[in-house]
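Novice: Before we start, here is the structure in question, set down as structure tokens.
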Amino acid sequence: MIKILAIDDQQLILLSLEKHLTDLGYDIKCAKNGKEGLELFDTYKPDIVIVDINMEGMSGLDVVKTIRIEKKSKTKILVLSGNTDEDTIIDGFDLGIDDYMKKPVSLSEVTVRISRIFGIKTDKSENKKAKMLQKRCVGVVIPCYNEEKRLLSKEFFDFVDSNLGYHLCFVNDGSTDNTLEVLNDLCKNREANISVFNCEKNGGKGEAVRQGILHLAKDEQLDYIGYLDADLSTDFRDFDDLVKTIETSDFKIISGSRMSRMGADITKESARKIISKTINLIIRTILGMPFNDTQCGAKIMDKDITKHMFKDKFITRWLFDVEIFIRMRKHYGKKKAISYICEQPLKRWIHADGSKLSMKDSIKIVGQLGQIAVYYR
């Protein structure tokens, strides 16, 4: 039996690798950093090491250097990393690695690469639905208030089972129905990828998102944190596109936009659409920044900014998105804030039945916008 040592500082990646390779009959042990990995290397004596490059403390290249130069070992080494820098890849091969795989990558391809290194023929029939290891690990907050009848379990399961770098954190916002029980059932046997954060009292969507983001920010393996509405009015495919944009840019926030564009499937009630346009006009005036849809319930952000944007409670229950944009402006200055925020049009967005925001609430929003204007002046 081939013995595999996997070294990565992101648990979501390690757990996915461990389960997949164990199911295929490999003997695998995991280490969460370079130092621990090298200690295991001496005692476990693996046939192949799978190592990430960008790890805190000892980097993957340092691990390779220790194995090849200090230990003079010819153990096979496969690098699995989101680092696509050409010089880094060349340095790896100069040190004697056997292969270099760039994330995102499917677990099926990882299996094929391992098999190729050992000259093992692979069974193509095993490569069913692709399960992807992401380039970065992403935490997603999903606020829930009395959602027991609207939670789409299959869609959440399908997403986390296919996208292995994601962790979904459902925040129960003091629900009075059976939402908490439904959520606890949702995360059974998927605790690495789905968790529940329970707020005993209802604090509104803004506070639920804030509490969830501060909770996820404590997880060192996460690179980005975002939030998404529980009714999945924003498609998971669109949310993943937001993540891909922030991974390949210098933006600190990527915000979904429901503004219509060519080929997009945007569906919304006509009366709600008119009210939304009016509110957006007022918001743009208050912000003094050229953003068209601050209220879209799909956003992804660099984890580093969460400590500034979510440290203090929001003053409104529904307009916390506007407050995030204003806090960005106050913290970084208007010019930098504009350069750090990107609005990305969604390809598909559908207003889901059962929305808790009534027309009466829409009128209250105008008053709350006045509060925001005065508070953040």
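Novice: State the number of residues belonging to the range 41-58 that are buried (at least 18 other Cβ atoms within 10 Å of the Cβ) and free of Cβ contacts under 8 Å to residues at least 40 places away in the same chain.
Specialist: The first filter runs over the range 41-58 and keeps only residues buried (at least 18 other Cβ atoms within 10 Å of the Cβ), leaving 41, 46, 48-53, 55, 58.
With the extra rule that they be free of Cβ contacts under 8 Å to residues at least 40 places away in the same chain, the set shrinks to 41, 53, 58.
Looking only at that region, the number is 3.
Novice: Of all residues in the range 25-38, which are closer than 24 Å to THR122 by Cα and surrounded by 16 or more Cβ atoms within 10 Å (Cβ to Cβ)? Write out each step before concluding.
Specialist: Within the range 25-38, the first condition is being closer than 24 Å to THR122 by Cα, and the residues that meet it are 25-30.
Residues satisfying the conditions are TYR26, ILE28, LYS29, CYS30.
Novice: Of (1) at pLDDT 95 or above; (2) in contact with a strand residue (DSSP E or B) (Cβ under 8 Å, 6 or more places away or on another chain); (3) crowded, with 21+ Cβ neighbours inside 10 Å; (4) of a type in the set (A, V, I, L, M, F, W, C), PHE314 satisfies all except one. Which?
Specialist: All conditions pass for PHE314, except number (2).
Novice: Can you go through GLU247, GLU207 and tell me which one is buried (at least 20 other Cβ atoms within 10 Å of the Cβ), touching a residue at least 40 places away in the same chain (Cβ under 8 Å) and not aromatic (Phe, Trp, Tyr)? I'd like the intermediate steps shown before the answer.
Specialist: On the way: GLU247 fails: buried (at least 20 other Cβ atoms within 10 Å of the Cβ).
Answer to the check: GLU207.
Novice: If you go through the range 32-47 one residue at a time, do you hit one that is outside any helix (DSSP H, G or I) and of a type in the set (A, V, I, L, M)?
Specialist: First pass over the range 32-47, keeping only residues outside any helix (DSSP H, G or I): 32-33, 45-47.
Still in the list and also of a type in the set (A, V, I, L, M): none.
Among the residues of the range 32-47, not one is outside any helix (DSSP H, G or I) and of a type in the set (A, V, I, L, M), which makes the answer no.
Novice: Something else now. Does LEU61 fit the bill of being surrounded by 18 or more Cβ atoms within 10 Å (Cβ to Cβ) and over 30 Å from VAL160 (Cβ atoms)?
Specialist: Details: surrounded by 18 or more Cβ atoms within 10 Å (Cβ to Cβ): yes; over 30 Å from VAL160 (Cβ atoms): yes.
Yes.
Novice: Where residues in the range 349-369 are surrounded by 12 or more Cβ atoms within 10 Å (Cβ to Cβ) and modelled with pLDDT of 75 or more, which of them is farthest from MET328 (Cα to Cα)?
Specialist: Here is the first cut: in the range 349-369, the ones surrounded by 12 or more Cβ atoms within 10 Å (Cβ to Cβ) are 349-352, 355, 357, 361-362, 364-366, 368-369.
Keeping just the survivors that are modelled with pLDDT of 75 or more gives 364-366, 368-369.
Values: LYS364: 24, ILE365: 21, VAL366: 22, GLN368: 19, LEU369: 17 Å.
The extreme case among them is LYS364.
Novice: Against the definition (free of Cβ contacts under 8 Å to residues at least 40 places away in the same chain, surrounded by fewer than 23 Cβ atoms within 10 Å (Cβ to Cβ) and not assigned by TED's automatic domain parsing to the domain that holds LEU14), how does ASN193 come out, yes or no? Step through it out loud before you land on a result.
Specialist: Details: free of Cβ contacts under 8 Å to residues at least 40 places away in the same chain: no; surrounded by fewer than 23 Cβ atoms within 10 Å (Cβ to Cβ): yes; not assigned by TED's automatic domain parsing to the domain that holds LEU14: yes.
Criteria not met by ASN193.
The values are calculated or read from the model by the stated rules, or taken from the named source; none is laboratory data. As the structure is a prediction and not an experimental result, all values here were calculated from the model. Positions of Cβ are backbone-derived with ideal geometry, glycine not excepted, and every protein chain shown enters the neighbour counts.
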